[in-house]
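Take a look at the structure set out below.
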Amino acid sequence: MRMRRKKNLDKRLESCGNLIFSIESEDKNFNTAIEEKEYIDLEKWFGNSNPVRLEVGCGKGQFAAEIAKRNPDINYIAVEKCANVVVIAAERAIEENIPNLRFIKGSAEYLPKYLPDGIFDRVYLNFSCPFPKKKYANHRLTNRKFLAIFDRLMTTDGEIHQKTDNMHFFEYSIQEFSEYGMAIKNVSLDLHNSDFEGNIVTEYEKRFSDLGQPIYRLEAYKK
């Protein structure tokens, strides 16, 4: 079901200034849309040349905000295609005065049009929609279609860090990473009862963990 457009959304988006870059491509064919590059000037956008990391599907921005605050010398770009949600994330960044966090409103398929190859050493996929029906598998962010996009955007030593509460999606992801040619490390089948340190617990994550649902986590990297 499509989310109803929030009241005063355009005004709120405008008030976020240059924190949000909106993808407004008229070409719905992603393959042809990304042929002509319109790279964002990241140094100008952030005001520095610090390393940059990416989160895809940031929701209301809790993870992005916290990790950016923990690492002030690293820039973060958080991607979210829902305008109703990304505006909340950007307003959080303004309210909490987080200078190293920016947002892209749009679909991940368009990212190679606006972001150059080989710039991210880390890509975060936190509680992505599992699209449980098999016919929608190519919409999953760990589908090899998306892995190819992340691959070109990542550095040679880049990693993808995934968290999910969905066991079947996690198993699917492991298979996709493997068949794409990536290796996997630091796998956790119950993150909150593991010795992993530094986890950022989002509201969504806490809700499912409190219900006794294990949280699955892995790190995938190029061989």
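How many nm is it between the label spots at N84 and C129, if each spot is 7 Å from the Cα in line with the beta carbon?
Placing both labels 7 Å along Cα→Cβ, they lie 1.2 nm apart.
Please identify the chymotrypsin sites (Phe, Trp or Tyr not before Pro) of region 3-87 that satisfy two criteria: DSSP loop assignment and at most 12 other Cβ atoms within 10 Å. Which are they?
Those that pass, being in a loop and sparsely packed, are Y39.
With contacts defined as alpha carbon pairs under 8 Å and 6 or more residues apart, what's the relative contact order of the chain in percent?
Relative contact order of the chain: 19 percent.
Rg (Å, one decimal) plus Dmax (Å, integer) for the alpha carbons of region 1-134?
Reported Rg and Dmax, both Å: 14.7, 43.
Mind listing which chymotrypsin sites (Phe, Trp or Tyr not before Pro) in region 171-223 are in a DSSP loop and have 16 or fewer other Cβ atoms within 10 Å?
Answer in residue order: F196.
Express in nm, to one decimal, how much length is gained between K44 and I74 on full extension, taking 0.36 nm for each residue of separation and deducting their alpha carbon distance.
Difference between extended and current length: 9.3 nm.
Among K37, K135, K81, which comes first, then next, by fewest other beta-carbon atoms within 10 Å?
K135, K37, K81
Based only on other Cβ atoms within 10 Å, what is the fewest-to-most ordering of L141, L54, L147, L211?
In order of increasing Cβ crowding within 10 Å: L211, L147, L141, L54.
State the three equivalent ellipsoid semi-axes of region 144-223, derived from the C-alpha gyration tensor as the square roots of 5 times its eigenvalues, in descending order and whole Å.
24, 13, 11
Read phi for every residue in region 187-198 and hand back ³J(HN,Hα) as whole Hz from Karplus 6.51 cos²θ - 1.76 cosθ + 1.60, θ = phi - 60°, with x for Gly and Pro.
Taking θ as phi minus 60°, the curve returns 7, 10, 9, 7, 4, 6, 10, 10, 9, 5, 10, x Hz for region 187-198.
In whole angstrom, how far apart do the alpha carbon centroids of region 120-137 and region 195-223 sit?
Distance between centres, Cα-based: 14 Å.
Within the chain, which is the longest segment that contains none of the GluC sites (Glu not before Pro) sitting in a DSSP loop with at most 12 other Cβ atoms within 10 Å?
Result, exposed sites excluded: 39-196.
Quick one: V187, V52, fewest Cβ neighbours within 10 Å first, how do they rank?
Arranged by neighbour count, lowest to highest, V187, V52 become V187, V52.
Cut-off 20 Å, label point 7 angstrom out along Cα-to-Cβ of E24: give me the residues of region 33-61 whose amide nitrogen falls inside.
Those under the cut-off are 33-42, 45.
Efficiency by 1/(1 + (r/R0)^6): what FRET value for I94 and T155, r their Cβ-Cβ distance, R0 = 30 Å, to the nearest 0.05?
0.50
Laboratory data are not the source of any read-out in this text; all were calculated from the coordinates shown. Quantities reported herein were computed from a predicted structural model and do not represent experimental measurements. Note that each Cβ is placed from the backbone with ideal geometry, even for glycine, and that neighbours are counted across all protein chains shown.
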